[in-house]
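Each remark here refers to the structure printed beneath this line.
Bear in mind that the values in this text are calculations on the coordinates, not laboratory data. Please read all numbers here as calculations on a predicted model, not as lab measurements. Positions of Cβ are backbone-derived with ideal geometry, glycine not excepted, and every protein chain shown enters the neighbour counts.
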Amino acid sequence: MEMIFDMLTDKLGPAGPLYAVGGLGLLLVALTLPVLMKRRADPLDKLAKARRAESEKQGKGVSLRNSSKTDKLEKYSNFLEPQNDEEYSSVRLKLMQAGYRSKTAVRTFHFAQFALGILLLVIGVLYAILSSATGEPTTQSLILSILIPGAIGYMAPKYWVTKRQQQRREEITNGFPDSLDMMLVCVEAGQSLDQAIVRVSKEIRSGYPALADEFEIVSHEIKAGKDKVSVLRDMAERAGVTDVASFVTVLIQSATFGTSVAEALRVFSAEMRDKRVMRAEEKANTLPTKMTLATMMLTVPPLLIILLGPSIYNIVETLGKFKM
């Protein structure tokens, strides 16, 4: 390797290894992209095009299942979307739990990873070329200055989605007890469960928009004629919160065994309120432990300076007098 580095340095200058690595990377990208982006003809796409042409001839418009004409990433779907069904379902579920429900969410997510990774990689290459022109950095620092921005750009969308997923789960968890109390009031006032869900979704939107969206989706799916059990289970899967899954189980069991929905909601809402109080107490109990380090760093040094400062000053003065 040292011989290769020396040869590249002699022929291309101090930045010779950098140019070689960048040229090799660009060559690999140029060889890989045409293969990955080459899209084979899908029989389902042919069928969709035929149906679209037929519907346009009949003047009925385009089917709702057809992709939008403005979707410029559709032709790269084989490259941007995972071909494994399990992996695709996992990414799709994570994006739905983060609040991104569009049909092109997976495609857009992977495109963002790819685009940001390439963009920051190019910025890292430019920075490495500039630093090599103005100084003499080591080969290791040049490679790190190229790879680290690319890795950050690739991981940034994933970090954003994970953070958004956690925030949304926390919002649903905090607002769920209030929504259950309001739903209980609506049911006891004589409304059906479907009407109560619609009313709750409207009332809690200002405080908990994520939970309101979930209840609104449930109401729309029930109005569309979808089975209520599957609708509730889909809600629990989209939310990704244990409390919502338990609530769905309670409603399904109440409908199966013919028990009162109001009684089930009363018991479950009381339990959710108790769990919220327990979570608040848990956070309050962990607060002193978290503040210990900050208290030591901000309190002990000033206290030592106040207590020991005069004594140290007197000792220094005394030693100075003895030396004189």
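Some values worked out for this structure:
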{"quantity": "Cα→Cβ-extended label distance, 7 Å offset, between Glu136 and Val229, nm", "calculated": "7.7 nm"}
{"quantity": "Cross-link table Lys103/Lys283; Lys163/Lys290; Lys103/Lys223; Lys202/Lys228, entries beyond 28 Å C-alpha to C-alpha", "calculated": "Lys103/Lys283"}
{"quantity": "Computed label-point distance, nm, for sites Glu170 and Gln253 using a 7 Å Cα→Cβ extension", "calculated": "3.1 nm"}
